[in-house]
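The values are calculated or read from the model by the stated rules, or taken from the named source; none is laboratory data. The structure displayed is predicted, hence computed values, not measured ones. Cβ: placed from backbone, ideal geometry, glycine included. Neighbour counts: every protein chain shown. Remember, those area values only see protein heavy atoms, side chains included, never the ligands or the DNA or RNA. Shrake-Rupley method; radii C 1.70, N 1.55, O 1.52, S 1.80 Å.
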Amino acid sequence: MRRVLGVALVLAAIGTVLLVWPSSTSANNGPHGGYDLATDKCAACHRAHTAVGDDLLIADDVYGLCVTCHAGAVQTDVVNGLRTGDSARLNGGGFLAVSGEATTSTHTVAGLPLGEGVSTGEGIAWGGAGSGEGVEGVLECTSCHNPHGSTNYRILKDSSNGYPYDNPAAHRWVPNNAELLDWVNQQVLATVTDGYNYAAGNAAYYTTGMNYDPGTRVTTIDPIKGMSAFCATCHKQYLTKSGSAGNPSTDANYYFYPGTQDARDGALDVARHRHVVYRRYTGTPDQALRFGATGTAPANDPVNAPSYNGFQCLTCHFAHGTNATASGYAAGVDPTNDSALLFYDNRGVCRSCHQKDK
Amino acid sequence: MLGERVAEQRTARLTRTRDLMVVMAILLLLFLGGLALFLLLYRLNTAVPRVRVPLPQAPFVSENRPAFEGVLEGVRRPLSVAVSPDGQRIYVAEGWGERAVRILDASGRELGTIAPPATDVFDRQPTAVAVTPDGTVFVVERILRRVLKYDGNGKFLGELMPPVDEDWAPLGIGVDASGKLYVAEALDLPDRARHRILVFESTGQLVSVFGSKEDDPAGLSFPHDVAVDAQGRVYVATIDAVKVFDENGQFLFALGGGGEVMPGIPWGVAVHDDRLYVVDLTNHRLLGYDISGERPTSSFAIGGYGTELGALRFPQGIAVSATGKLFIADRDNDRIAVWAH
């Protein structure tokens, strides 16, 4: 009996300590998260009565607001495409420079200095419709990023261009352990936990659409999730599924994005087949291409390690800007007539995997 | 016999049941106690705002407001500005274009540029510039992670070395009246972080180091500019407030929180006589304080968002000449705004 009581008391004490342990708000998130009921972080970007931009922003220039910090002051320098402090290259590249060289193509967000002027952000998301041209609109940093944070370290939005890029009914991308706050009564209503745990245990999923199940030790691919689906919310044609018109592939995982008609049918004014994404790649590319979010499988999944090499848009393209150059055959190739945010000069990204000289 | 055994078993069962109930009761009591304590702590934690040292909400005194004089143009995305002791040279660190430090005369005519040797535009990014009382120019190069030293004409003289042979990440710099250099370092990597101020003699000898990124009123989160007043108080601009320390690096108070008289995200700071100037970047204005007393009192605000003369768009740096002329790096208007008392 005494032993039972002793164990019970120890367990109760541990439980009580865990229960009352004060939860602190992270100081590392700046204005992008860690909001509590007495937060003052809203005032970093918003004004209730004196705002001059949309969404009560303190400026009508979102880019200008973002680069106040993200141009060398804090860790992520999106202008120079590097991590401040050790100059590691940013996964997204930079708007002005990448690897110490001028950018040759960028996502021209509104407010970005261009030559003597400033970008309006107006443009076309290529690959968005059957004819090749796509969604028109004004691109801003907040078109892709949620400044209020997400589980993704890139703080990417849970929807883009009005389209959730995963299944909103079942797997809405919500912040892990996000607090639902009752501002009127100053209470925490609930804690939401994302069942897929994008943040820690399965980081590859939100980027590649590959879902590792530690129970079965099987990695499955969900093509409507992940980074490429995110890009396809504006570059919409890339969401076309296997089996659509003109697609010769029956491989469910071979996510192949044709236009409305096949190039071989003579209708040359329509979009062509798209390069596969979400394809597992098990080889070793010549040049360092990025595959999955982490590039490595969890320590407890040695069997499926190669499957984490999920091929996706960001395997070949930067999101912000690139320093690659295009010449020869690669120059003037539609749809963008430029380096198309690619990693390497010309079509070095192709050769990285398709090593025809070996 | 059978009856006794049954009775014993029943007694033993009852004893076990009673023990179990006692354990459950203890667990329940501890849980409820813990829950009550948790709710109490949570209530206390959320009901009390974070510590801020309030300033008197005095209205702005209009006679203290400087007058707008004009703008110096021809610079791209100016991030920082400094002025020579005689007021005849203005040094502007550019965030776009050539990304060098432009040397302008008082009328805005370009006299030259300062750039690190053997670099091109994409290797460098000057984020801060300061001039010592003897006219020596110090430039913080954020990408190179160096603090470089030039004469007033831009001739390269050397560099300020970090305290030990380690990588450092200088972001801002300030100078006091004696020529001491205050380097603001902001390094925030997954494996190491340093948010601090390093004080050097004008000869380059390290004098002291203070500050860290602790989540308390004294914490320095990405310190990016420094100014020192006649009393030796050190004003450090951080992401969330201007943190003020005494000459020994002991925290005194903070200026922050937004509103009418407090900066939202303070950037440039400068001191002249009994005045402290704080660039309130996210409110697109310059705030002035009287610092003749123990605590600053609000004095004026100028600027406001816009492109017209007198307005500001994301101002960052500030410098004050010996005669009290103000030079504000009006970043997104691509110009230096000049005001004077």
Filter segment B:239-264 down to residues that are within 20 Å of B:Gly172 (Cα to Cα) and in a strand (DSSP E or B), then give me how many there are. 9
Residues within segment B:275-289 that are modelled with pLDDT under 95 and either among the acidic types (Asp, Glu) or within 16 Å of B:Ala128 (Cβ to Cβ) (or both), tallied: 2
Just to check your reading of the model, which residue among B:Ala254, B:Ala193, B:Ala241, B:Ala218 is open to solvent by less than 10 Å² (accessible area, probe 1.4 Å) and either at pLDDT below 95 or out of contact with any helix residue (DSSP H, G or I) (no Cβ under 7 Å at 6 or more places or on another chain) (or both)? B:Ala241
Kindly provide the set of residues from segment B:182-208 that are within 16 Å of the chain's Cα centre (by Cα) and away from every other protein chain (no Cβ under 14 Å), ordered by number. B:Tyr182, B:Val183, B:Ile197, B:Leu198, B:Val199
When you go through B:Gly317, B:Gly303, B:Gly310 one by one, which is the residue that is open to solvent by less than 10 Å² (accessible area, probe 1.4 Å) and either closer than 17 Å to B:Leu287 by Cβ or touching a Gly at 6+ places or on another chain (Cβ under 7 Å) (or both)? B:Gly317
Six or more apart or on different chains, Cβ atoms under 9 Å: show the pairs whose first residue is in segment A:30-44 and at the interface with chain B (Cβ under 9 Å from one of its Cβ atoms) and within 17 Å of B:Leu220 (Cα to Cα) and whose second is in a loop (DSSP other than H, G, I, E, B) and basic (Lys, Arg). A:Asp40/B:Arg50; A:Asp40/B:Arg52
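Among the residues of segment B:257-272, count how many are in contact (Cβ under 8 Å) with a residue 12 or more places away in the chain and either hydrophobic (A, V, I, L, M, F, W, C) or open to solvent by 20 Å² or more (accessible area, probe 1.4 Å) (or both). First the steps, then the outcome.
Within segment B:257-272, the subset in contact (Cβ under 8 Å) with a residue 12 or more places away in the chain is B:257-258, B:260-272.
Among the residues that remain, those that are also either hydrophobic (A, V, I, L, M, F, W, C) or open to solvent by 20 Å² or more (accessible area, probe 1.4 Å) (or both) are: B:257, B:260-262, B:265, B:267, B:269-272.
Residues flagged as in contact (Cβ under 8 Å) with a residue 12 or more places away in the chain and either hydrophobic (A, V, I, L, M, F, W, C) or open to solvent by 20 Å² or more (accessible area, probe 1.4 Å) (or both) within segment B:257-272 amount to 10.
Does B:Asp280 fit the bill of being over 17 Å from B:Ala67 (Cβ atoms) and open to solvent by 10 Å² or more (accessible area, probe 1.4 Å)? Walk me through it before giving the result.
Working: over 17 Å from B:Ala67 (Cβ atoms): yes; open to solvent by 10 Å² or more (accessible area, probe 1.4 Å): no.
When the stated conditions are applied, B:Asp280 does not pass them.
Per-residue answers, yes or no, for (1) at pLDDT 95 or above; (2) closer than 28 Å to B:Ser298 by Cβ:
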site	(1), (2)
B:Asn64	no, yes
B:Ala67	no, yes
B:Gly70	yes, yes
B:Gly74	no, no
B:Ser80	yes, yes
B:Ser84	yes, no
B:Gln88	yes, no
B:Glu94	yes, no
B:Val101	yes, no
Residue among A:Ala88, A:Ala73, A:Ala48 that is more than 20 Å from the chain's Cα centre (by Cα), under 23 Å from B:Pro223 (Cα atoms) and among the hydrophobic types (A, V, I, L, M, F, W, C): A:Ala73
Residue under evaluation B:Ala58, criteria (1) open to solvent by 40 Å² or more (accessible area, probe 1.4 Å); (2) closer than 20 Å to B:Leu286 by Cα; (3) at pLDDT below 85, criterion not met: (1)
Would you say B:Val234 is of a type outside the set (D, E, K, R), closer than 26 Å to B:Ile114 by Cα and buried (at least 16 other Cβ atoms within 10 Å of the Cβ)? no
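Given the criteria modelled with pLDDT of 95 or more, within 25 Å of A:Ser99 (Cα to Cα) and surrounded by 13 or more Cβ atoms within 10 Å (Cβ to Cβ), does B:Ala169 qualify?
Against the criterion (modelled with pLDDT of 95 or more, within 25 Å of A:Ser99 (Cα to Cα) and surrounded by 13 or more Cβ atoms within 10 Å (Cβ to Cβ)), B:Ala169 does not qualify.
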List the pairs whose first member sits in segment B:140-152 and is more than 14 Å from chain A (Cβ to nearest Cβ) and free of Cβ contacts under 8 Å to residues at least 60 places away in the same chain, whose second member is assigned to a loop (DSSP other than H, G, I, E, B) and among the aliphatic types (A, V, I, L, M), and whose Cβ atoms are under 9 Å apart, counting only residues at least 6 apart or on separate chains? B:Val147/B:Met161
Across segment A:51-99, which residue is farthest from A:Asn146 (Cα to Cα) among those that are facing chain B (nearest Cβ under 10 Å), open to solvent by 20 Å² or more (accessible area, probe 1.4 Å) and touching a residue at least 60 places away in the same chain (Cβ under 8 Å)? A:Ser99
